[in-house]
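Enquirer: My questions will all concern the structure given below.
What follows is calculated from the coordinates using simple rules that are stated; it is not laboratory data. Worth saying up front: this structure is predicted, and the values here are computed from it rather than measured. Backbone-built Cβ (ideal geometry, glycine too); neighbour counts: all protein chains shown.
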Ligand code: ADP
């Protein structure tokens, strides 16, 4: 087999657009694949933020995209910084010249035209490949925003011809976001109306479900951790209604753990933190803690400092914390939380920080530098997630000697080993309950007081390998399987 040509379609890619882990994964996976000698290109929409990058230039106008009775203009941009280019952007200002990626920043509500936006994106990106006569071996589609692509490849009139023998891979980064829209949106796909009927791949309780179609039509599928791959095939919440559909594709569904960008997240070289450190010399870690306390207006006390970073969504388990507010306030520790999301969590965190300024520092914004500083300066990092497809922050944490306290679910279960077991790297709890969470925090505090054991735990966590090395090889194997399937 010659050099594999991979083309990714994703709603996020760093550094052009980031709302969460998807952006990190798309860019660091593509870099790891390039490192393995594959040809990789990545298509994302040209959001307002991407336009601000100096190297982003226009390549050509693309044919207009027809959706329903409207035609939308479109153009292709690329990042001139890389040779050969790897990042491509689809322009349409009506859809993408906005501050948010999926949601209106003022309200946190999803844009009403998200179906149109991402359907336009994939149709236009497919048209770009046709215009340029670039036929990849694999179209690697990320999440619901690109999940209609496998359906277009198998059932679309134009796509079926040009992309014959092009294999499709769908990566499910988070099954909770399936892209469910009113049935009338199906008309905007241009696919034959007879494809939409009860129990068809597109239909879900009378609506259009984009992820379901992707699961049905993709040649192979994967999720971002082995444990999450198991969980989503159950009928419990994890399957989010698609458990039976996923079980049908069980033999084509795999879990591949995300890696992290070990160059960006390296405490020995990270330019965003206050002092560098390594597992052999941990002195810098304490400097990071003290400076972080100062920056966040917390007293410089020798108490456990717990960091939390992420989208403030129900998935992340903040409701557990809210249930035990009194107990949290009584703990002898400090908290720094950085995140944006649902208003109920903003309000609660703000109230907490207002009432206990010496214990809780809260930042309701997106701030990459502060994220690095929290990872470097905290003693512990809390992720009480209800479910977690993979999670990146627990891996960043371990790399920075910040001990994760996590619920045993999805990628958290796969990446954190219980410290009480002796060879562990963090603290875990199993039941989704506030008491189990508190108990795990107490166990962490107990070990923290024993400075020698704690330093040993830090060293173990820091020596874990979360690079893309192994996982990118698994993706290459997945691509090969997809190609085999299309050639059968
Ligand atoms: P998810 O993809 O569910 O949002 P992950 O843990 O997989 O969760 O990835 C989240 C990524 O986004 C991490 O890189 C994290 O540091 C980053 N992140 C999330 N919220 C913020 C924020 N408010 N400021 C800075 N970085 C953030």
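Enquirer: Which order do the peptides 48-55, 385-392 take when ranked by the mean count of other beta-carbon atoms within 10 Å per residue, highest first?
Expert: Working: 48-55: 13.8, 385-392: 26.5.
So the peptides 48-55, 385-392, ranked by packing, come out 385-392, 48-55.
Enquirer: Counting DSSP beta bridges with both partners in the chain, what percentage is antiparallel, nearest 5? List each step's numbers first, then the result.
Expert: Details: 19 of 66 bridges.
So the antiparallel bridges amount to about 30 percent of the total.
Enquirer: Normalised radius of gyration for the chain, please: alpha carbon Rg relative to 2.2 N^0.38 Å, two decimal places.
Expert: It is 0.99.
Enquirer: For an R0 of 60 angstrom, estimate the FRET efficiency from the Cβ-Cβ distance between residue 469 and residue 69 and round to the nearest 0.05.
Expert: After rounding, the FRET efficiency stands at 0.75.
Enquirer: Given the rule -39500 (n - 2.57) for each run of at least 4 DSSP H residues, summed and divided by the residues of the chain, what is its mean residue ellipticity at 222 nm, to the nearest 500 deg cm²/dmol?
Expert: Calculated at 222 nm, the ellipticity per residue is -11000 deg cm²/dmol.
Enquirer: Which three numbers, in whole Å and largest first, are the semi-axes of the equivalent ellipsoid of the range 87-137 derived from its Cα gyration tensor as √(5λ)? Intermediate results must be reported in sequence, preceding the final value.
Expert: Values: eigenvalues 142, 20, 16 Å².
Semi-axes (√(5λ), whole Å): 27, 10, 9.
Enquirer: What angle do you read, to the nearest 10 degrees and between 0 and 90, between the alpha-carbon axis of helix 283-295 and the longest principal axis of the chain?
Expert: Relative to the chain, helix 283-295 is tipped by roughly 80 degrees.
Enquirer: What is the distance, in nm, between label points placed 7 Å from the Cα along the Cα-to-Cβ direction at residue 418 and at residue 325?
Expert: Once both label points are built, they end up 3.2 nm from each other.
Enquirer: Next up: Would you work out if the range 407-459 is rounded, prolate or oblate? Take a ≥ b ≥ c from the square roots of the eigenvalues of the alpha-carbon gyration tensor; rounded if a/c is under 1.5, else prolate when a/b is larger than b/c, oblate otherwise.
Expert: Because a/c hits 1.5 or more and a/b fails to exceed b/c, the range 407-459 counts as oblate.
Enquirer: Arrange the following residues from fewest to most other Cβ atoms within 10 Å of their Cβ: 348, 265, 335.
Expert: 348, 265, 335
Enquirer: Based on the mean of other beta carbon atoms within 10 Å per residue, what is the order of 357-370, 224-237, most packed first?
Expert: Details: 357-370: 15.6, 224-237: 19.6.
Answer by packing, highest mean first, reads 224-237, 357-370.
Enquirer: If packing is taken as the mean number of other Cβ atoms within 10 Å per residue, what is the order of 246-255, 157-166, highest first?
Expert: The peptides rank, most packed first, as 246-255, 157-166.
Enquirer: Of 4, 46, 321, how do they rank once you tally other Cβ atoms within 10 Å and put the fewest first?
Expert: The order, fewest Cβ neighbours first, is 4, 321, 46.
Enquirer: Shifting gears a bit: Does the range 359-474 come out rounded, prolate or oblate by the C-alpha gyration tensor, with a ≥ b ≥ c the root eigenvalues, rounded set by a/c under 1.5 and, if not, prolate when a/b is larger than b/c and oblate if not?
Expert: Here the range 359-474 falls in the rounded category.
Enquirer: Another one. Separation of the range 1-75 and the range 219-246 by C-alpha centroid, Å?
Expert: 26
Enquirer: Rounded, prolate or oblate: pick one for the range 243-392, where a ≥ b ≥ c are the square roots of the eigenvalues of its C-alpha gyration tensor, a/c under 1.5 means rounded, and failing that, prolate if a/b is larger than b/c, else oblate.
Expert: Oblate.
Enquirer: Here is a further query. Could you list 153, 170 in order of exposure, starting from the residue whose Cβ has the fewest other Cβ atoms within 10 Å?
Expert: Listed from fewest to most nearby Cβ atoms, that is 153, 170.
Enquirer: Suppose we keep just the DSSP beta bridges with both residues in the range 1-74; what percent of those would be antiparallel, to 5?
Expert: 50
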